[in-house]
Amino acid sequence: MSQMIEFKRPDGQTAQGWMVEPAQAQGAPGLVVIQEWWGLNDQIKGVAETYAEAGYRVLVPDLYRGQVTVEAKEAEHLMNGLDFADAASQDIRGAVLQLQARGCPKVGVTGYCMGGALTLLSTCFSPEIAAAVTWYGFPPLEYIDATKIRAAVMGHFATQDAFFSITQVPALEAQLKAAGVPVTIHTYEAMHAFANETQVDPHRVPTNRYDAQAAALALERTLAFLKQQLG
């Protein structure tokens, strides 16, 4: 079952998100899935369905408050208008707490592109997060207070990423390890958005390209990691 729900943010305000229940909801671990810069669209809902089929109760917070786009310029505008600290500390943490309130014994977070950056940022605000998986995204490294992270972290990064340079990943890994954060990094000979099956037209967004092989391997690694960390 999948539906839009309302949930409370830590500051008492109300947010909305797309909730997908697994076949066996009783005692299922929770997973917050964070959108790309396109918004809460059908593609990210499909990602949520995939994780629900793997046994997770999934909540995708609607960070853009109902706005979605297929145009890169508009997506950039929406992303630039987003308060990242508010999204991480309020919307995403609120989603984590909502899953806990629904009986999830452990909760993880995963996100793609912009959502990958927010995944790492959210671990600095939410000590409740047990596992975090970022897909081709990270915030400016000075925004990460790794001493506050209680989650185990996995990262999937593309060698030909035009948005999040692979050259910064070693510094990210070193920063996390220095704070004692368990971290596993994987790299793929691929371009940005390699796990997004809608990114197949090189003329529409030339920086992005779906890679079925890389996507399948990254998902396999993610599910094994989440099972280990969340049960």
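The values are calculated or read from the model by the stated rules, or taken from the named source; none is laboratory data. Bear in mind that the values here come from a model prediction, so they are computed numbers and not experimental data. Using ideal geometry, Cβ is built from the backbone for each residue, glycine included, and neighbour counts are taken over all protein chains shown.
In region 74-92, the condition of being closer than 24 Å to GLU189 by Cβ and in contact with a helix residue (DSSP H, G or I) (Cβ under 9 Å, 6 or more places away or on another chain) is met by no residue.
If I ask for residues that are free of Cβ contacts under 8 Å to residues at least 40 places away in the same chain and not in a loop (DSSP other than H, G, I, E, B), which ones from region 5-19 would you list?
Scanning region 5-19 gives GLU6, THR14.
For GLY66, indicate whether it is outside any helix (DSSP H, G or I), of a type outside the set (Ser, Thr, Tyr), in contact with a Phe, Trp or Tyr (Cβ under 6 Å, 6 or more places away or on another chain) and farther than 21 Å from PHE225 by Cβ. Taking the combined requirement at face value, the residue does not satisfy it.
The residue list TRP37, TRP18 contains one member that is surrounded by 14 or more Cβ atoms within 10 Å (Cβ to Cβ), modelled with pLDDT of 95 or more, closer than 24 Å to HIS203 by Cβ and not small (Gly, Ala, Ser), which is TRP37.
Among the residues of this structure, GLN67 counts as one that is over 27 Å from LEU176 (Cβ atoms) and either in contact (Cβ under 8 Å) with a residue 60 or more places away in the chain or not basic (Lys, Arg) (or both).
Filtering region 99-130 to residues that are surrounded by 24 or more Cβ atoms within 10 Å (Cβ to Cβ), over 13 Å from the mean Cα position of the chain (by Cα) and either closer than 14 Å to VAL58 by Cα or free of Cβ contacts under 8 Å to residues at least 24 places away in the same chain (or both) leaves only LEU99.
Would it be correct to say that ASP62 is out of contact with any Pro (no Cβ under 7 Å at 6 or more places or on another chain), charged (D, E, K, R), surrounded by fewer than 22 Cβ atoms within 10 Å (Cβ to Cβ) and under 23 Å from ALA215 (Cα atoms)? Against the criterion (out of contact with any Pro (no Cβ under 7 Å at 6 or more places or on another chain), charged (D, E, K, R), surrounded by fewer than 22 Cβ atoms within 10 Å (Cβ to Cβ) and under 23 Å from ALA215 (Cα atoms)), ASP62 does not qualify.
Taking the criterion of being farther than 25 Å from ALA224 by Cα, loosely packed, with under 14 Cβ neighbours inside 10 Å, among the acidic types (Asp, Glu) and at pLDDT 95 or above, would at least one residue in region 138-149 satisfy it? Checked region 138-149: at least one residue is farther than 25 Å from ALA224 by Cα, loosely packed, with under 14 Cβ neighbours inside 10 Å, among the acidic types (Asp, Glu) and at pLDDT 95 or above.
Within region 191-204, which residues are crowded, with 20+ Cβ neighbours inside 10 Å and either within 27 Å of GLN229 (Cα to Cα) or more than 20 Å from the chain's Cα centre (by Cα) (or both)?
We begin by selecting, within region 191-204, every residue crowded, with 20+ Cβ neighbours inside 10 Å; these are 191-196, 199.
Within region 191-204, HIS192, ALA193, PHE194, ALA195, ASN196 qualify.
Going through (1) of a type in the set (Phe, Trp, Tyr); (2) out of contact with any Cys (no Cβ under 9 Å at 6 or more places or on another chain); (3) not in a strand (DSSP E or B) one by one, PHE157 falls short only on (3).
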